[in-house]
């Protein structure tokens, strides 16, 4: 009986700390892709509660010091058990 409890506890712990990361393209424009890259990050609870109120394209461009047209936008999502981390990545010239 004790072994079963240890196995279940180990499985729950492994599930709680495991993650999966996916990066997908969101959009692209006719602007040239250059060396400038900006990121905006937020933690999301239960898929709907964003903890960073500044999360978005505007903040990503500001963080990358991008003042010209944005060329590409990618979304990187890392999922955990009860929360996820989202990161918008923008590029420009």
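Some values worked out for this structure:
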| quantity | calculated |
| --- | --- |
| Matching residues in region 33-53 - criterion: being in a loop (DSSP other than H, G, I, E, B) and out of contact with any helix residue (DSSP H, G or I) (no Cβ under 9 Å at 6 or more places or on another chain) | 33, 34, 35, 46, 47, 48, 51, 53 |
| Residues being assigned to a loop (DSSP other than H, G, I, E, B) and surrounded by 15 or more Cβ atoms within 10 Å (Cβ to Cβ) - total across region 57-79 | 2 |
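Each row is one residue, and each column tells you yes or no for (1) loosely packed, with under 13 Cβ neighbours inside 10 Å; (2) over 11 Å from residue 71 (Cα atoms).
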residue	(1), (2)
28	no, no
37	no, no
44	no, yes
51	yes, yes
54	no, yes
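For (1) more than 21 Å from the chain's Cα centre (by Cα); (2) at pLDDT 90 or above, each residue gets a yes or a no:
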{"site": "11", "(1), (2)": "yes, no"}
{"site": "22", "(1), (2)": "no, no"}
{"site": "27", "(1), (2)": "no, no"}
{"site": "32", "(1), (2)": "yes, no"}
{"site": "41", "(1), (2)": "no, yes"}
{"site": "65", "(1), (2)": "no, yes"}
{"site": "68", "(1), (2)": "yes, no"}
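The values are calculated or read from the model by the stated rules, or taken from the named source; none is laboratory data. Bear in mind that the values here come from a model prediction, so they are computed numbers and not experimental data. Methodologically, a virtual Cβ is constructed for each residue, glycine included, from the backbone with ideal geometry; neighbour enumeration extends over all protein chains shown.
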